[in-house]
Amino acid sequence: MTTATTNKAEQRISLRWIPKDSRKIEHVLGVCYTEEKTTVRGLSYNVLAYIGTARKSAFYESYRTAEARDARVAEFFRNLEGHAERMSERRAERVQPHGLNVGDIIYNSWGYDQTNIDFYVIVKTTANYVWTQPIACESVPSEGHAPMSGYTQPETPIRQILTREVREYGDWEPGIGNRTVSLKTVPIEPVKRKAEGRSVHFEHGCGTLWDGRPKYESWYA
């Protein structure tokens, strides 16, 4: 942890609200403050909890017995330990070599109101990364699906998409009344992506090793 990070953490901690005359129970992953308050219903056993160096509390709860409150404190710390263990396992998985090879086909399903399917072929690999190139796909005849939807799969044989056309706008020409537009062909380079297991990270969605079956897609008119 850098000095700047440490200073920010200390600042967040200094801004916490802590009940007066409360008892501090520390844990490496968090802290609890317990107190007893007299209310119209009798004695209330309270606990205020913070995770890590967060300024905002995780919870502030009241219990009728000290035993119930202490059980909540123990549960809170157990949950923090469990979460930290899962995160540690996840980080360990991320540095493990993936199980993908050159020539494998990846499909990425993404979209909000519609389902978009893109297919890619892996053209290069390292222990934790792959390089993907988009490939052409084709519609698969099917019946019984909803309007503006269907199934798609890679073309056979596999055809990599190596270029694309983009619009190139010229200067504004008063005599014409608009700008001239021309099409320019630009190369599509393989993209380096993080890979874990048999999955590939994309900006939208998470790519998965294709199982050879057509995939459902939908679109707007």
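Annotations
- Meets criteria (hydroxyl-bearing (S, T, Y), over 21 Å from H204 (Cα atoms), touching a residue at least 12 places away in the same chain (Cβ under 8 Å) and assigned by TED's automatic domain parsing to the domain that holds I161) for S142: yes
- Residues satisfying the stated conditions in segment 16-35, i.e. loosely packed, with under 11 Cβ neighbours inside 10 Å and either modelled with pLDDT of 95 or more or assigned to a strand (DSSP E or B) (or both): K24, E26, V28
- When the test is whether a residue is outside any loop (DSSP other than H, G, I, E, B) and within 30 Å of V95 (Cα to Cα), V200 passes it.
- A9 touching a Ser or Thr at 6+ places or on another chain (Cβ under 6 Å), of a type in the set (A, V, I, L, M, F, W, C) and outside any loop (DSSP other than H, G, I, E, B): yes
- Residue among Y50, Y60, Y45 that alone is in contact with a Cys (Cβ under 9 Å, 6 or more places away or on another chain) and either loosely packed, with under 11 Cβ neighbours inside 10 Å or not acidic (D, E) (or both): Y50
- Looking only at residues of segment 185-221 that are under 19 Å from R164 (Cβ atoms) and of a type in the set (K, R), we find that the one that is surrounded by the fewest Cβ atoms within 10 Å (Cβ to Cβ) is K192.
- Strands (runs of 3 or more DSSP E) fully within segment 82-163 that include at least 3 residues being surrounded by 15 or more Cβ atoms within 10 Å (Cβ to Cβ): 105-110, 116-125, 129-134, 149-154.
The values are calculated or read from the model by the stated rules, or taken from the named source; none is laboratory data. All of these numbers come straight from a predicted model, not from anything done at the bench. Counting neighbours? That spans all protein chains shown, and the Cβs are built from the backbone with ideal geometry, glycine included.
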